[in-house]
Amino acid sequence: MRYALIGCGRISYNHIAAAMSNELDIVAVCDIIEENMNHVAIATESGKHAMIALDCLDYGCNLIIEKPIALSLEDADKIIKKAEEKGLKVCVNHQNRFNKSIQKIRDAINKNRFGRLFYGTAHVRWYRDHEYYDRASWRGTWAQDGGALMNQCIHNIDLLRWMMGDDIDEVVGMTDRLRHDYIEAEDMGIALVRFKNGAYGIIEGTTDVYPRNLEETLYIFGERGTVKVGGVSVNRIEEWIFSDMLDDPEDVKMEFHENPPNVYGYGHTPLYRDVIEAIRDNRAPYIDARAGKRALELVLAIYMSAASGKVVKLPLKNCSTNEFVGLFDSLK
């Protein structure tokens with residue numbers, strides 16, 4: 001099966017490694033900056049994901065799109081529609097869903113071990129310095145990136161929505177730019193989410209933690225179970241308590257404990273394997289375009305609430321990061 005990578009920046013090492021591990025025939029590596037292709041490292045800036053995806057779909061390509069799927073719901077819908085019309089597969093790269101720890105929690109959800117879900121919390125407490133933003137001019141811009149919630153936190157936001165029932169009633173959020181006055185978007189965001197099943201979600205995301213990344217954690221609280229998964233990339237189960245006592249908590253914590261070298265974790269290789277199988281078996285990928293849209297929608301809903309000071313109801317009809325240009329200008 002032939003494979004091409006478009007965009008060779010920070011994350012592209014993981015994509016190339018995953019392609020090689022799955023024995024794909026790498027036929028092209030593309031980037032508008034020639035030197036990037038010499039060390040292979042990030043898919044394109046987020047603001048170009050939709051344009052490139054739609055062009056590739058026109059040429060009959062199945063796709064893996066780096067998160068987020070797009071920066072507007074309109075573009076996400078265009079990708080979904082075109083892929084369905086052409087019978088092509090689109091996967092959005094929320095690779096943490098394939099973490100061993102996350103798969104263990106998802107199995108408990110599917111088996112109703114938690115009973116009624118009460119609430120879940122997603123925390124991303126990371127650090128990004130001036131040098132990080134200087135390395136790519138698109139970072140932190142509304143047109144091409146968004147802020148901490150859209151870039152750094154969307155993986156954990158995706159996990160929270162997925163675990164807690166997916167369907168959301170309303171969102172209230174607050175965002176700010178506390179440290180990085182040289183970017184356009186937020187470096188801190190917090191939100192409350194009410195799901196249609198009666199459960200709640202709490203989101204906290206920042207790139208202001210000094211002096212280095214601290215943690216990415218996800219908690220799930222239910223009437224019969226409590227779980228915490230943490231580490232640098234939600235790769236380590238740290239609490240595992242269920243009333244059914246079907247497994248020993250210490251054994252679970254020992255077995256589902258990975259220590260990845262960075263925040264990208266180990267999920268790219270199984271994600272690629274799933275997409276290959278989806279193409280061969282003519283089924284939807286495990287993380288399809290609609291899943292990517294749901295993660296995007298939740299981040300945009302937080303932005304809308306923060307900008308308006310109001311509760312935002314879901315589903316959103318349309319929204320784009322470009323609607324928030326100038327939001328923090330008064331803070332300069």
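FYI, it's all coordinate maths here, none of it is from the lab. Please read all numbers here as calculations on a predicted model, not as lab measurements. Ideal geometry is used to build each Cβ from the backbone, glycine not excepted, and the neighbour counts take in all protein chains shown.
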Looks like segment 209-278, by Cα gyration tensor root eigenvalues a ≥ b ≥ c and the a/c under 1.5 rounded cutoff (else prolate when a/b is bigger than b/c, oblate otherwise), is oblate
In whole µm²/s, the translational diffusion coefficient that Stokes-Einstein assigns to segment 99-144, given a Kirkwood hydrodynamic radius over C-alpha pairs, 10 °C and 1.306 mPa s, equals 110 µm²/s
May I have the extent of the alpha carbons of segment 188-323 along their three principal axes, as whole Å values ordered from largest to smallest? 47, 40, 38
For segment 123-187, I need the span (max minus min coordinate) of the C-alpha atoms along each principal axis, in Å, sorted largest to smallest. 38, 22, 18
Gyration tensor (alpha-carbon) shape descriptor, segment 171-249, a/c threshold 1.5: oblate
Quick calc: nm separation of the 7 Å Cα→Cβ label points for M174 and L316 -> 2.0 nm
Per the chain: cysteines with no other Cys C-beta under 4.7 angstrom? C8, C30, C91, C153, C319
Among the Cα-Cα pairs of the chain, the proportion with separation greater than 26 Å, in percent, is 47 percent
Which lysines, if any, have their Cα less than 28 Å from the Cα of K82, not counting same-chain residues under 8 positions apart? K48, K67, K293, K313, K317
Please grab the % of Cα pairs in segment 70-216 that end up more than 21 Å from each other. 53 percent
For segment 247-332, just run the numbers: alpha carbon Rg, then divide by 2.2 N^0.38 Å, N being how many residues it has. 1.64
Here FRET efficiency (C-beta to C-beta, S330 to E250, R₀ 51 Å, nearest 0.05) is 0.45
Hey, if you drop one equal point scatterer on each alpha-carbon of segment 55-130 and run the Debye formula without solvent, what base-10 log of I(q)/I(0) do you get at q = 0.15, 0.22 Å⁻¹? -0.81, -1.01
Nothing charged except the Cβ atoms of Lys and Arg (+1) and of Asp and Glu (-1): what's the magnitude of the dipole of segment 276-332 about its Cα centre? Round to the nearest 20 debye. 180 debye
